[in-house]
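S.K.: The structure is given below, and queries will be raised subsequently.
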Amino acid sequence: MKVTLFTTCIVDFMAMNVGKATVELLEDLGHEIDYPKNQTCCGQPTYNTGYVEKTKNTMKHFIETFEHAEVIVSPSGSCVSFVKEYPHIFADDKEWKERAEKVAAKTYELSQFLIEVINIDDFSAKLPGKAVYHHNCHTARFLNVKEQPLTLLSKVEGLELVDFHNSGKCCGFGGTFSVKMGGISAEVADEKARYIQEANPDYLIGADFACLMNIGGRLSRLGSNIKVMHIAEVLNSK
């Protein structure tokens with residue numbers, strides 16, 4: 001299968017290792033990777049900030065960039081969930097609504113693609129230690145991708161996956177929310193970090209680097225040695 005990779009802004013600029021791990025995972029399975037060099041932001045930050053009409057140009061560029069793809073895969077449930085909203089945003093524009101529907105229908109978060117599309121759940125990965133998994137809001141609630149990451153992690157040799165209090169609660173990032181409502185965001189992140197530390201894991205794992213960056217930053221400031229890893233990196237561990 002030819003897989004077109006949508007890396008997302010944060011992975012592209014701040015977590016290239018996540019993009020690299022995603023590519024290696026898919027290539028090891030025999031898939032051809034297509035990477036459109038003119039891809040840009042999906043438009044979620046500006047749209048959520050209220051610039052709806054201006055964001056439509058960014059969304060149209062995204063559609064034009066990816067509509068040729070056989071399947072689109074991204075290591076970010078948050079960005080994928082926004083692409084799934086495109087048809088609703090273009091509801092009053094017949095041409096772009098139809099084009100958006102076609103793109104949205106073939107766009108998947110990484111763990112969702114692995115489990116639901118190609119039915120692969122074991123990568124012979126090895127990572128000894130105890131880990132907790134953070135359920136990203138958009139991935140779990142909007143895409144309903146909850147069990148897929150846990151299934152994948154359950155096959156990692158040596159990894160003990162444990163739960164922690166309020167594991168499905170927001171980490172406080174919320175994109176521009178963390179900027180506009182910094183005080184509230186910090187309090188939410190503090191609570192999340194405290195519950196994670198109570199579980200005493202070696203690793204914090206998630207499927208969206210934005211959340212991992214937020215929680216990991218707080219854990220670091222608290223002096224924690226918990227290692228933060230994206231699920232793509234875990235599955236790529238040998």
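The values are calculated or read from the model by the stated rules, or taken from the named source; none is laboratory data. Because the structure is predicted, anything quoted here is derived from the model rather than measured. Glycine gets a Cβ as well: all are built from the backbone with ideal geometry, and neighbour counts include every protein chain shown. Heads up: the accessible areas ignore ligands, DNA and RNA and are worked out on the full protein's heavy atoms, side chains in. Shrake-Rupley method; radii C 1.70, N 1.55, O 1.52, S 1.80 Å.
S.K.: With each run of n ≥ 4 DSSP H residues scored as -39500 (n - 2.57), what mean residue ellipticity at 222 nm is computed for the chain after dividing by its residue count and rounding to the nearest 500 deg cm²/dmol?
M.R.: Working: 12 runs with 111 residues, N = 238.
Rounded to the nearest 500, it is -13500 deg cm²/dmol.
S.K.: Next up: Just the number, please: carbon plus sulfur as a percent of the accessible area of the chain, 1.4 Å probe, no ligands or DNA/RNA counted. The partial results should precede the final answer.
M.R.: Details: 5640 of 11220 Å².
Carbon and sulfur together cover 50 percent of it.
S.K.: Contact order normalised by length for the range 2-126, with contacts defined as Cα pairs under 8 Å and 6 or more residues apart; what percent is it?
M.R.: Working: 153 pairs, mean separation 33.0, N = 125.
The normalised contact order for the range 2-126 reaches 26 percent.
S.K.: In whole Hz, what ³J(HN,Hα) sequence does the range 209-223 give by Karplus (6.51, -1.76, 1.60; θ = phi - 60°), x for Gly and Pro?
M.R.: Couplings: 5, 4, 5, 4, 5, 5, 5, x, x, 5, 4, 4, 5, 8, x Hz.
S.K.: With the other protein chains left in place, how much accessible area per residue, in square angstrom, belongs to the chain at a 1.4 angstrom probe? Walk me through the numbers on the way to the answer.
M.R.: Values: 11220 Å² over 238 residues.
Spelled out: the 1.4 Å probe surface of the chain, per residue, equals 47 Å².
S.K.: Normalised radius of gyration for the range 137-176, please: alpha carbon Rg relative to 2.2 N^0.38 Å, two decimal places.
M.R.: Values: Rg = 12.3 Å, N = 40, 2.2 N^0.38 = 8.9 Å.
Expressed relative to 2.2 N^0.38 Å, the Cα Rg reads 1.37.
S.K.: Taking N as the number of residues in the range 117-238, what is its alpha-carbon radius of gyration divided by 2.2 N^0.38 Å? Mind dumping the intermediate values first?
M.R.: Values: Rg = 14.2 Å, N = 122, 2.2 N^0.38 = 13.7 Å.
Ratio of Rg to 2.2 N^0.38 Å for the range 117-238: 1.04.
S.K.: Now, a different point. Looking at the range 18-74, which trypsin sites (Lys or Arg not before Pro) are in a loop (DSSP not H, G, I, E or B) and have at most 10 other Cβ atoms within 10 Å?
M.R.: Hits after loop and neighbour filter: Lys37.
S.K.: Using just the alpha carbons, could you tell me how many Å³ per residue the convex hull of the range 8-129 encloses? Working shown, then result.
M.R.: Details: hull volume 15.2 nm³, N = 122.
Taking only Cα atoms, the range 8-129 has a hull volume of 124 Å³ per residue.
S.K.: Please state the shape class of the range 1-74: rounded when a/c is under 1.5, otherwise prolate if a/b exceeds b/c and oblate if not, all from the C-alpha gyration tensor. If you can, show how the numbers build up before the last one.
M.R.: Numbers: a/c = 3.28, a/b = 1.69, b/c = 1.94.
The shape class here is oblate.
S.K.: A further question follows. Percent relative contact order of the range 77-159, based on C-alpha pairs within less than 8 angstrom and at least six residues apart?
M.R.: Relative contact order comes out at 34 percent.
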